[in-house]
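Since every read-out is calculated from the coordinates, none of them should be taken as a lab result. Model, not experiment: these values are computed from the prediction. Glycine gets a Cβ as well: all are built from the backbone with ideal geometry, and neighbour counts include every protein chain shown.
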Amino acid sequence: MYDNYLDVNPEVAKALEEGQPVVALESTIIAHGMPYPKNVETALAVEEVIRGNGAVPATIGILGGRIKIGMTKEEIEYMAHAENVMKVSRRDFPLVISKKMDGATTVAGTMIAAHMAGIKLFVTGGIGGVHRGAGESFDISADLEELKMTDVTVVCAGAKAILDIPATLEYLETSGVPVIAYGTDEIPAFYSRSSGQKANCRLDTPEEVGALISIKEELGLKGGILVTCPIPEKDEIPAGEINGVIDEAIREADEQGVKGKDITPFLLSRVKDLTEGRSLEANIK
Ligand code: PSU
Ligand code: MN
């Protein structure tokens, strides 16, 4: 079925066949989330971290309408500066594939492709969520819907404060998605360790997280799991400091009428400029 559309890198295919650990990585963060060349440097550095821990990385993206499970270094480099790379979430797969275009997969898109390939774990920076003002705009990331239905565990540094974090957590609760705070009592807010939101599930070891993932699977409970892992203290930008910058970026987005899938990349890029690159460094950490 969907096998017709997947190109699984031989190293990844072998690892999956042998039951070795494979970790999926997204490509929207490369094409739309970070500027060149930091994007490619980071993407390759993260792959090395995964290898250093004994697992096989599988960066996922779409090239010429083919879903790549485990992009090569050259493919990652290409995606890092190519133009006309579509940001691909659930709704965009049929279009990007039928038109044989290039596409960078979001968290939702990467979960879908990882699941097709049989990869159960996926690591990224930040997930999409409920945007501030969603009551009016209805802007809720498809990432949350995907976490509701697709059996992939997503490890990240929390949701960025460009989002309405309490509303995002409510949405995840309604959707039945376990949200784990790793080694901390609060849900981290990406740039900062603290969001003011107390975690309902704190776990402190990989074994505890692994047990939770296995039990959810054995119980046949559909949907993903979100593991939030806070930024190291020395790298964080305190909430009070970043929030003013984010407010300003959101104001500019409103003023300029930025909409739909362009909002998140716009905000990330403005926050980076307004912090003179400091947010990008925190992003990488
Ligand atoms: N948040 C970040 N960095 C990112 C993204 C989100 O801190 O790069 C990307 C991810 O790919 C995420 C997507 O899945 O943006 C969400 O976009 P939207 O809000 O349009 O659903
Ligand atoms: Mn949106």
- Identify which of S137, S175, S27 has the largest mean-square fluctuation in a Gaussian network model of the chain, with springs joining Cα atoms closer than 10 Å. S137
- Give me the distance between the Cα centres of region 141-171 and region 16-85, rounded to whole Å. 21 Å
- Message: Please compute the alpha carbon radius of gyration of region 28-85, then divide it by the globular-protein estimate 2.2 N^0.38 Å. Two decimals is fine.
- Response: 1.08
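Loop only per DSSP, at most 13 neighbouring Cβ atoms within 10 Å: give me the GluC sites (Glu not before Pro) in region 223-285, ordered by residue number. Mind showing how you got there, number by number?
Details: sites: E233, E236, E241, E248, E252, E255, E276, E281; in loops: E236, E276.
Here the GluC sites (Glu not before Pro) that fit, given the DSSP loop and packing criteria, are E276.
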- Task: May I ask for the net charge around S137, where only other residues with Cβ less than 15 Å from the Cβ of S137 are counted and Lys, Arg are +1 while Asp, Glu are -1?
- Result: -2
- Message: Using +1 at the C-beta of Lys and Arg and -1 at the C-beta of Asp and Glu, which of L63, V23, M101 has the Cα lying farthest in the positive direction of the dipole of region 1-104?
- Response: M101
- Separation in nanometres of the label points that stand 7 Å from Cα toward Cβ, at R66 and N53: 3.0 nm
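Can you sort C229, C156 by how many other beta carbons sit within 10 Å, fewest first?
Ascending Cβ contact count within 10 Å gives the list C229, C156.
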- Residues Y5, Y191, Y171, sorted so that the one with the fewest Cβ neighbours within 10 Å comes first: Y5, Y171, Y191
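When DSSP assigns beta bridges and you keep just the ones with both residues in the chain, what percent turn out antiparallel, to the nearest 5?
Numbers: 11 of 37 bridges.
Percentage antiparallel, nearest 5: 30.
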- Query: Under 16 Å from the Cα of K259, which lysines turn up, not counting those fewer than eight places away in the same chain?
  - Reply: K87
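By DSSP, what percent of the beta bridges with both residues in region 1-159 are antiparallel, rounded to the nearest 5? Before the final figure, lay out each step's value.
Details: 7 of 24 bridges.
About 30 percent, rounded to the nearest 5.
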- Note on the structure: For region 82-226, using Cα atoms only, the Rg and Dmax in Å read 15.5, 46
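Which net charge results when you count Lys and Arg as +1 and Asp and Glu as -1 among the other residues whose beta-carbon is under 13 Å from that of Q20?
Details: positive: K14, R51, K120; negative: E11, E17, E18.
Its environment carries a net charge of 0.
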